[in-house]
Amino acid sequence: MTLSRREEILSKDILGVQDVMELNDMQYFNAAKLIRNIKRKTTCGLDIRGKVSTAVYLDYFEPKANEVVKEERKERVVTPKKIRTKEIPPFRFKDYQGVQQ
């Protein structure tokens with residue numbers, strides 16, 4: 001795709017599935033799925049099936065600089081609790097020699 005063709009497509013107000021196919025070099029099913037995902041994740045005021053606003057399409061791929069992007073949550077690492085054990089003194093035969101006699 002040439003730069004002039006890309007500019008020609010993006011100069012439209014509304015993009016269809018064919019335009020998204022050509023812009024992203026993908027098949028029909030994947031382009032339609034991309035449009036559905038864009039409509040779900042953004043507030044697109046266009047309620048025409050298979051069409052998306054060019055401004056919404058561009059905002060989807062290029063978030064604004066002042067927009068806060070949520071970081072992925074890290075999984076909490078759970079460390080096992082330490083089991084406290086009593087120290088048992090070793091058996092000393094010398095200590096018990098006097099008791100037995």
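The values are calculated or read from the model by the stated rules, or taken from the named source; none is laboratory data. Remember, predicted model here, so these are calculated numbers, not experimental data. Neighbour counts run over all protein chains shown; Cβ positions are idealised from the backbone, glycine included.
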- Task: Among the residues of region 12-26, write down those that are touching a residue at least 24 places away in the same chain (Cβ under 8 Å) and either part of a helix (DSSP H, G or I) or of a type in the set (S, T, Y) (or both).
- Result: V17, V20
- Note on the structure: For region 27-54, pairs from a residue that is on the phi > 0 side of the Ramachandran plot to a residue that is of a type in the set (V, I, T), with Cβ under 8 Å and 6 or more apart or across chains, are G50/V17; G50/I35
- Lone unmet requirement of (1) under 20 Å from M1 (Cα atoms); (2) loosely packed, with under 15 Cβ neighbours inside 10 Å; (3) modelled with pLDDT of 90 or more for L23: (2)
- Task: Please indicate, with yes or no, whether at least one residue in region 9-16 is within 28 Å of the chain's Cα centre (by Cα), at pLDDT 75 or above, of a type outside the set (A, V, I, L, M) and exposed (fewer than 11 other Cβ atoms within 10 Å of the Cβ).
- Result: no
- Message: Looking only at region 48-88, how many residues end up being within 15 Å of D13 (Cα to Cα), in a loop (DSSP other than H, G, I, E, B) and either modelled with pLDDT under 80 or aromatic (F, W, Y) (or both)?
- Response: 0
